[in-house]
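J.: Starting off with a structure, shown below.
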Amino acid sequence: MKKWLSLLIMALFVLVLSACTANEEAGKTPTETEPTTKTEGEGKEEPVAETEKVLKLNNGNEPTSFDPSVGFDAVSWSALNNLMEGLVRLNKDHQAEEATAEKIDVSEDGLTYTFTIRENAKWSNGDPVVAGDFVYGWLHMLNPETASPAAFLAYFIEGAEAYNNGEGAADTVAIKAVSEKVFEVKLAAPTETFLNIITNPSFFPVNEKAATENPEWFTEAESFVGNGPFKLASWDHDVSFTFEKNENYWDADTVKLDKVEWAMIDDSNTEYQMYKTGDLDVSGVPSELADQLLNDPELKNEDQAGLYFYRFNVSMEPFTNKKIRQAFGMAVDQQEIVEFVTKNGEKAAEGFVPYGFIGPDGKEFRETAGKLIQHDAEKAKALLEEGMKEEGYNELPTVTLTYSTSDTHKKIAEALQSKFKEVLGVEIALQNVEASVFASEQKEFKYMLSRSSFLFDYADPVNALESFITGSSMNRTTWSNPEFDKLIADIKNETDPQKRWDMLIQADKFLMEEMPVVPIHYYNQVTLEKSNVKGIVRHPVGYMDLKWADKE
C-alpha cells in the first residue's frame, strides 16, 4: 500500500511539473522559446532558433486609403511607402535613386525619361512588375472619376492635365509601355524635380491584373498586392494592421525586420503610456510633457519639410496695404512662440521655405537665403504708421484673426493677439471655427487673417513656392503678382541646377517682401524611440521608411 501511494505521489508530481512547463511555454511561438541544442551523443545538433524581429508602431488613425492614388495624406503615406515602391525611392540621404527601375535614361532635351524595370521586380503575389502596371497606376490617378487629390502632381507630363480636367483622352497622356520592362514618360517641359516628384506614393504602380479582377483590391489584406519591402499580412479596420517582410521584394536581403505591427491610437497620452509599457517601440510626445522629455536620451528631433503660417487676405482692409502686412509680420516674434508657446523643439521660421533642402552647391537653402523675416518692433511700428497714412486711416479697421479648433492653434492665436497689442497697439478679435468649416471657408476667402500649414508633397522648394501663383487653389490669400508668376514658370523650365536654385531663393525673398503670408515655425518630427530600434529613416517630405530599420 505504501509502495502504491509513493508511486501515485510521484506520478502526480511529474504531472504537475509537466503542467507548469506547459504553462510557461503556452502562447509562445517557436521563435520566442529558449533556443535549444542536442547534447553530444543525442544525435545531430539542432539549429538555434532566432528571435523574430517585430517593430511596434502607431499609425494614429485608420489609413484614408491604400489605393496609392487616393491615400494622399500622412495617415496613409508611411504605410504605403513601405508596402509599395515606385520607379525611384528616396535613399537614406533623402535623394531619389533607382528602385523598381534599375536604369534611367534621359533625352538630351530633358523631356523624355525611359525607365528599365528590374527583371527581379515582383509583386507580393509573385507576379512580375511590368511597365503596364505603371501605365495603369498613373492613368488611374489622372482619371477624373478617381478624383485623386494628388493628380495635380502629374501635370508636368504631356497631356496629363487635360485628361484629368476632362478635356483630353487617356491615350493622349504621354506615358507608355515600350516593352514589358521598359516604361517611357514624355514631359511638357524640362522638369528638374521630376525624379523627386515621382517618389510620392501617388506614382506607385498598380498590379493591373489584380485591380482588373477586383477593383476593391486595396481595401483588405487578403486582396492587397504590393511591390515594396513589406506585404500587408492583416488589417483589422480602425484597430490595427500588420506587415510581414515581402520575400518577393527585389532587395529583400536589405530588409531586417520580420514584422511591423501598427496600432491605431489617436490619443497622445495613451500612445505614450503604451510606449512606456513596451507595447510600442516609437511614440510621439504629449504636449504637456514636452518640456520634461526634450532631454530624454530616447527622443529624436528631426526636420520635417513643412511650416505653420498665417495668411493675409489682401482683398480685405487693412491688409490691402503691403506696409501694414509687413508691420503685422514684423510684430510677430517667432522665436518667442517656439520657446514659450509650442515648446516642442521647432525652429522659428525665417522665410517660407524650411530647412532640409540642399542645393547643387551643397549648401542648405535656408542658410543661403538667410533670415527674410524676423521680429523688429520699432520697424513694425514705423511701417504701420506709414501704411495707415497711405490709406488715410485715422484708426485701423477691425482685424479678426481666425483659427481652427485646436489647443495649439488657440495658444498661438492668443500669443499673436497679445503681441499685436504690445508692439502695434492694435486690439484684434479672435474667431474659432471647427476644422471642417474652416477649411472650406478659407478657400472661399472669407477670413481676413487666418492660420494655415503646408507639408511638402515632394522634396523641392518649388512645391511650396508655387502655391502662391495666380489662381492656385493653395493660394487662399487673393494675392496675385505677374512678376512672381513668371519667376515660378521660369524656375520650372530652367535646366541649369545652380541658376534654378538661385531663382528659388529669389522667389522666397519675393514672397517675404510682398508678405501675403507670415511664417511662424517650421515643422519637426519629435519622437521617442526605444534604444534597441535602429535605422528608421524619416524623410523631411514626411514619409517614414522602414526598409533599413532593425530591432536588436
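The values are calculated or read from the model by the stated rules, or taken from the named source; none is laboratory data. Everything numeric in this text was worked out from a predicted model, so none of it was measured. Using ideal geometry, Cβ is built from the backbone for each residue, glycine included, and neighbour counts are taken over all protein chains shown. These area figures cover heavy atoms from the full protein model, side chains too; ligands, DNA and RNA do not enter into them. Shrake-Rupley method; radii C 1.70, N 1.55, O 1.52, S 1.80 Å.
Yes/no matrix, rows are residues, columns are (1) open to solvent by less than 80 Å² (accessible area, probe 1.4 Å); (2) farther than 19 Å from Ala459 by Cβ; (3) modelled with pLDDT of 90 or more:
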{"site": "Glu34", "(1), (2), (3)": "no, yes, no"}
{"site": "Glu40", "(1), (2), (3)": "no, yes, no"}
{"site": "Glu45", "(1), (2), (3)": "no, yes, no"}
{"site": "Asn81", "(1), (2), (3)": "yes, no, yes"}
{"site": "Glu97", "(1), (2), (3)": "yes, no, yes"}
{"site": "Thr116", "(1), (2), (3)": "yes, yes, yes"}
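J.: Checking the conditions here, which among Phe328, Phe319, Phe312 is touching a Ser or Thr at 6+ places or on another chain (Cβ under 8 Å) and open to solvent by less than 10 Å² (accessible area, probe 1.4 Å)?
T.: On inspection, the qualifying residue turns out to be Phe312.
J.: Only helices (runs of 4 or more DSSP H) wholly contained in region 394-502 count here; list those with 3 or more residues that are open to solvent by 20 Å² or more (accessible area, probe 1.4 Å) and either closer than 20 Å to Phe319 by Cα or in contact (Cβ under 8 Å) with a residue 60 or more places away in the chain (or both).
T.: Because the criterion is at least 3 residues that are open to solvent by 20 Å² or more (accessible area, probe 1.4 Å) and either closer than 20 Å to Phe319 by Cα or in contact (Cβ under 8 Å) with a residue 60 or more places away in the chain (or both), the helices (runs of 4 or more DSSP H) in region 394-502 that meet it are 407-419, 482-493.
J.: Would you pick out the residues in region 204-226 that are out of contact with any strand residue (DSSP E or B) (no Cβ under 7 Å at 6 or more places or on another chain) and in contact (Cβ under 8 Å) with a residue 12 or more places away in the chain?
T.: Phe204, Pro205, Val206, Asn207, Glu208, Lys209, Ala210, Ala211, Phe218, Thr219, Ser223, Val225, listed by residue number.
J.: Exactly one condition in (1) open to solvent by less than 70 Å² (accessible area, probe 1.4 Å); (2) at pLDDT 95 or above is false for Glu102; which is it?
T.: (1)
J.: I've got another one for you. Considering only residues of region 47-76 that are within 14 Å of the chain's Cα centre (by Cα) and open to solvent by less than 10 Å² (accessible area, probe 1.4 Å), which is modelled with the highest pLDDT?
T.: Among residues in region 47-76 that are within 14 Å of the chain's Cα centre (by Cα) and open to solvent by less than 10 Å² (accessible area, probe 1.4 Å), the one modelled with the highest pLDDT is Pro68.
J.: Next question. Restrict the check to region 459-476 and report whether at least one residue is over 26 Å from Ile197 (Cα atoms) and among the aromatic types (Phe, Trp, Tyr).
T.: Checking region 459-476: not a single residue is over 26 Å from Ile197 (Cα atoms) and among the aromatic types (Phe, Trp, Tyr).
J.: Hey, another quick one. Condition first: in contact with an Asp or Glu (Cβ under 9 Å, 6 or more places away or on another chain) and closer than 22 Å to Lys443 by Cβ. Now tell me which residues in region 372-415 satisfy that.
T.: Within region 372-415, Val399, Thr402, Ser404, Thr405 qualify.
J.: Right, something else. Could you list all residues from region 293-306 that are outside any loop (DSSP other than H, G, I, E, B) and open to solvent by less than 60 Å² (accessible area, probe 1.4 Å)?
T.: Leu293, Leu299, Glu302, Asp303, Gln304, Ala305, Gly306, listed by residue number.
J.: Among residues belonging to region 331-365 that are in contact with a His (Cβ under 8 Å, 6 or more places away or on another chain) and among the charged types (D, E, K, R), point out the one that is surrounded by the fewest Cβ atoms within 10 Å (Cβ to Cβ).
T.: Restricting to residues being in contact with a His (Cβ under 8 Å, 6 or more places away or on another chain) and among the charged types (D, E, K, R), the top hit is Glu336.
J.: A further question follows. List pairs: first residue in region 115-128 and touching a residue at least 60 places away in the same chain (Cβ under 8 Å) and farther than 16 Å from Arg89 by Cβ, second residue acidic (Asp, Glu) and open to solvent by less than 40 Å² (accessible area, probe 1.4 Å) anywhere in the structure, Cβ distance under 9 angstrom, at least six positions apart or on different chains.
T.: So the pair list comes out as Trp123/Asp133; Asp127/Asp133.
J.: Continuing with this model, one more query. With the checklist (1) on the phi > 0 side of the Ramachandran plot; (2) touching a Gly at 6+ places or on another chain (Cβ under 9 Å); (3) not basic (Lys, Arg) in hand, flag the one item Glu85 doesn't pass.
T.: Here Glu85 meets the rest and fails (1).
J.: On to the next question. Among residues belonging to region 77-121 that are part of a strand (DSSP E or B) and hydrophobic (A, V, I, L, M, F, W, C), point out the one that is nearest to the chain's Cα centre (by Cα).
T.: Here the residue is Leu90.
J.: How about region 503-552: which of its residues are surrounded by fewer than 17 Cβ atoms within 10 Å (Cβ to Cβ) and at positive phi?
T.: Within region 503-552, Gly535 is the sole residue that qualifies.
J.: Scan region 126-138 for residues that are in contact with a helix residue (DSSP H, G or I) (Cβ under 7 Å, 6 or more places away or on another chain) and either surrounded by fewer than 21 Cβ atoms within 10 Å (Cβ to Cβ) or not in a helix (DSSP H, G or I) (or both) and jot them down.
T.: Matches in region 126-138: Asp127, Gly132, Tyr136.
Yes/no matrix, rows are residues, columns are (1) in contact (Cβ under 8 Å) with a residue 24 or more places away in the chain; (2) assigned to a strand (DSSP E or B):
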site: Trp235; (1), (2): no, yes
site: Thr242; (1), (2): no, yes
site: Asp253; (1), (2): no, no
site: Leu280; (1), (2): yes, no
site: Asp291; (1), (2): yes, no
site: Tyr308; (1), (2): yes, yes
site: Lys323; (1), (2): yes, no
site: Gln326; (1), (2): yes, no
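J.: Considering only region 191-213, how many residues are assigned to a helix (DSSP H, G or I), more than 16 Å from Gly132 (Cα to Cα) and open to solvent by 10 Å² or more (accessible area, probe 1.4 Å)?
T.: Count: 2.
J.: Kindly provide the set of residues from region 170-186 that are more than 23 Å from Arg118 (Cβ to Cβ) and surrounded by fewer than 22 Cβ atoms within 10 Å (Cβ to Cβ), ordered by number.
T.: Ala170, Asp171, Thr172, Ala174
J.: Contact list please: Cβ distance under 7 Å, first residue in region 360-385 and in a loop (DSSP other than H, G, I, E, B), second residue among the aliphatic types (A, V, I, L, M) and open to solvent by less than 40 Å² (accessible area, probe 1.4 Å), pairs at least six apart or on different chains.
T.: Filtered contacts from region 360-385: Leu372/Met512; Ile373/Ala349; Ile373/Met512; His375/Met330; His375/Val332; Asp376/Met330.
J.: I would also like to ask the following. Does Asn248 satisfy being surrounded by 14 or more Cβ atoms within 10 Å (Cβ to Cβ) and farther than 30 Å from Val353 by Cα?
T.: Taking the combined requirement at face value, the residue satisfies it.
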